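So the structure is just underneath, and the comments pick up after that.
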Amino acid sequence: MKILVRDIPPRAAWALEQAGVHPLLARLYAARGVLGKDELDDGLARLLPPSGMKGTQEAAVLLADAIAAGQKLCVVADYDCDGATACAVAVRGLRLLGAQHVNYIVPDRVVDGYGLTAPIAQRVKDSGADILITVDNGIASVDGVARANALGLKVLVTDHHLPGSQLPDAAVIVNPNQPECGFESKSIAGVGVMFYVLLALRAEMRNRGLFTAQNQPKLDALLPLVALGTVADVVRLDANNRRLVAQGLRRVRAGALPCGIASLFTAAARQHRVATTFDFGFALGPRINAAGRLSDMTLGIECLLTDDGARADELARTLDGINRERREIEGDMREQAMLIAESLFDEGDEPPPAICVFDPDFHEGVVGIVASRIKDKLHRPTFVFAASQAPGKEHELKGSGRSIPGFHLRDALDLVAKRHPGVLLRFGGHAMAAGCTVGEEHIELFEQAMSQVAQEWLDTATLARRIHTDGPLLPEYRRPELVDTLHHEVWGQGFAPPLFSEELEVVSQRLVGEKHLALKLKHQGQPVDGIWFGRTEPLPQRVVLAFRLDADEWQGARRVRFLVEAAEV
């Protein structure tokens with residue numbers, strides 16, 4: 001592992017400090033590309049305007065006309081946390097804005113597959129709907145939209161995924177990644193796109209004289225859901241996404257949150273009054289995602305939609321139980337998948353340029369998580385496949401992939417599809433995460449084709465494992481209250497949480513729980529506790545470590561400890 005230190009532009013750090021930003025935060029922000037304090041203004045007024053996103057005005061007119069005519073609206077959701085929160089935002093927001101008839105349908109991961117399919121369009125029609133609204137899906141649903149059109153439905157696609165070569169023939173498409181959309185935040189999540197559609201709809205209703213600026217419904221009540229979906233979907237936290245997340249966190253901490261989110265905090269043994277992005281990404285998000293992976297995402301959506309506290313508690317406990325089951329399945333699968341992956345190369349050799357793993361006993365609901373774990377350990381683009389459980393599709397394998405920086409996974413799948421027509425039955429996704437379906441008879445050809453692309457695209461520098469850090473930590477910043485300050489800020493994908501690095505003395509080390517390394521360290525001559533979760537190999541007496549800051553309580557006193565993430569070797 002090579003530990004690198006981020007460059008800190010001195011002029012930007014100085015400007016931030018002069019503007020009143022804490023010196024440590026000024027340094028961290030400058031290293032992440034923040035040039036001035038105005039970029040740290042997370043006020044709602046600083047959000048990019050909805051008018052900048054192509055299709056929002058047309059969507060607003062379509063929805064305002066439908067609401068005025070008393071038409072029935074049906075939301076077609078997706079079965080991950082972004083899709084669930086986007087669905088909850090759509091249903092809650094449309095009802096706030098006067099829609100009397102709003103329901104939703106969420107596809108089943110196993111039976112229906114991903115997105116708006118022709119059978120889903122039929123189900124929407126059978127429900128009596130007039131308008132079909134997709135959230136976090138639809139940009140690739142050419143056949144599904146065509147079927148909906150043939151059934152007389154009007155389709156509004158809201159999505160953020162990268163479009164393919166052909167766009168669906170929807171009445172309106174709102175997606176910042178569609179051609180000719182100038183919206184600056186291309187990394188906005190699906191829930192953010194739907195929130196923007198609602199902002200545009202409210203503005204259209206104001207223009208029609210239905211509301212005034214004074215009596216219009218307050219859509220900011222939806223921001224905790226927007227923040228949760230944005231963090232859980234691991235989209236890049238650009239300035240606009242950071243504002244959405246900061247606004248949502250502010251409301252959660254103040255107790256202004258849907259009771260379902262409050263119940264999820266309780267089920268996860270977390271405190272919403274000191275909520276962090278970490279809570280969204282690693283406590284709440286996985287519990288909602290578990291429903292879509294192993295059960296029915298309706299459970300997750302209902303938890304986010306209910307205003308009945310007792311019902312929310314019940315659903316949150318159910319989701320927590322499903323998540324525990326998910327962790328057990330994932331643990332077993334991860335061990336088996338890692339054995340298969342490591343059998344692909346001899347001990348001491350480098351792994352192949354891309355990893356492809358399949359076992360007939362794998363569960364398709366957790367292939368993405370397992371792919372992520374293998375990718376983290378071997379630092380290679382990784383696909384994990386499971387046999388489809390859908391009736392009549394037993395010979396199809398459903399795969400989920402995770403990538404490393406410098407290898408665009410969806411583009412790689414596109415190239416495989418062009419070179420080997422017929423191998424990929426379906427595919428889609430982003431640069432760092434993608435999914436695909438192949439026939440069981442083509443799995444070896446897929447593995448060879450993906451490895452070939454990886455061999456062509458990946459060079460030695462990209463394959464070398466690196467970690468970027470913020471350099472040494474001054475001893476005066478090793479204080480619990482500063483840890484709280486850092487945790488309070490918005491960190492995440494593309495705006496990495498603080499990670500420090502320097503040479504430390506290892507005074508003592510011991511294994512705890514058989515799989516974690518508990519450390520006594522010396523930092524700038526002062527003793528400090530450390531722990532390296534998941535590490536069992538001992539460390540040398542002096543070593544360069546990369547570590548995060550945490551505060552724990554012992555005998556009534558709060559102390560800083562270092563959470564070690566890497567050692568330079």
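None of the figures in this text is laboratory data; all of them are computed from the coordinates on show. In this text, all values refer to a predicted model and were calculated from it rather than measured experimentally. FYI the Cβ positions are ideal-geometry reconstructions off the backbone, even for glycines, and counts take in every protein chain you see.
Arranged from highest to lowest average of other beta-carbon atoms within 10 Å per residue, in what order do the peptides 428-435, 441-448, 105-112 appear?
428-435, 105-112, 441-448
Let me make sure I get this right: for the chain, a, b and c are the square roots of the gyration tensor eigenvalues over alpha carbons, sorted descending. Under 1.5 in a/c it's rounded, otherwise prolate if a/b > b/c, else oblate. Which is it?
Note, shape of the chain comes out oblate.
Are there any helices in the chain, counted as whole DSSP H runs, that stretch 24 Å or more along their axis by Cα and score at least -0.5 on average by Kyte-Doolittle, and if so which?
Qualifying helices, which must be both long enough and hydrophobic enough, are 190-207.
What is the P(r) of segment 54-167, as percent of Cα-Cα pairs per 10 Å bin from 0?
Values per bin, smallest distances first: 15, 51, 32, 3.
If you count, for each residue, the other Cβ atoms within 10 Å and average over each peptide, how do 326-332, 385-391 line up from highest to lowest?
In descending order of packing, they fall as 385-391, 326-332.
Tell me the label-point distance for the pair Gln389, Gln509, using the 7 Å Cα-to-Cβ offset, in nm and rounded to one decimal.
In this crude label model, Gln389 to Gln509 measures out at 4.1 nm.
Taking the Cα-to-Cβ direction at Glu456 and at Asp307 and moving 7 Å from each Cα, how far apart do the two end points lie in nm?
5.6
Using Cβ counts within 10 Å as a stand-in for footprinting exposure, how do Phe383, Phe362, Phe265 rank, fewest first?
Phe265, Phe362, Phe383
Obtain the nm distance between the two label points defined at Ala213 and Arg542 by a simple spin-label model: each point lies 7 Å from its Cα along the Cα-to-C-beta direction.
6.4
Find how much the distance from Asp332 to Asp65 grows on full extension, using 0.36 nm per residue of separation minus their present alpha carbon separation; answer in nm with one decimal.
Computed gain between Asp332 and Asp65 is 90.9 nm.
Can you give me the Cα centroid spacing of segment 347-400 and segment 177-205 in angstrom?
Computed from Cα coordinates, the inter-centre distance equals 33 Å.
Around Gln216, with a cut-off of 10 angstrom between Cβ atoms, what is the net charge of the other residues, counting Lys and Arg +1 and Asp and Glu -1?
Taking every other residue near Gln216 into account, the sum is +3.
Given a Förster distance of 22 Å, report the FRET efficiency between His516 and Glu568 from their Cβ-Cβ distance, rounded to the nearest 0.05.
Calculated value: 0.60.
Hey, fewest Cβ within 10 Å first, where do Leu319, Leu305 land in order?
Least crowded to most crowded, the residues run Leu305, Leu319.
How many angstrom lie between the C-alpha centres of segment 85-135 and segment 20-36?
If you average the Cα positions of each part, the centres end up 43 Å apart.
Per DSSP H run of n ≥ 4, the term is -39500 (n - 2.57); total these for the chain, divide by its residue number, and report the mean residue ellipticity at 222 nm rounded to 500 deg cm²/dmol.
When only DSSP H runs of four or more count, the value is -12000 deg cm²/dmol.
Classify segment 467-567 as rounded, prolate or oblate, taking a ≥ b ≥ c as the square roots of the eigenvalues of its Cα gyration tensor: rounded when a/c is under 1.5, otherwise prolate if a/b is larger than b/c and oblate if not.
rounded
Which peptide among 289-298, 165-174 comes first, and what is the full order, when sorted by highest mean count of other Cβ atoms within 10 Å?
289-298, 165-174
What does the charge count near Leu116 come to, summing +1 for each Lys or Arg and -1 for each Asp or Glu among other residues with Cβ under 14 Å from its Cβ?
-2
Would you list Thr462, Thr230, Thr469 from fewest to most Cβ contacts within 10 Å?
Thr462, Thr469, Thr230
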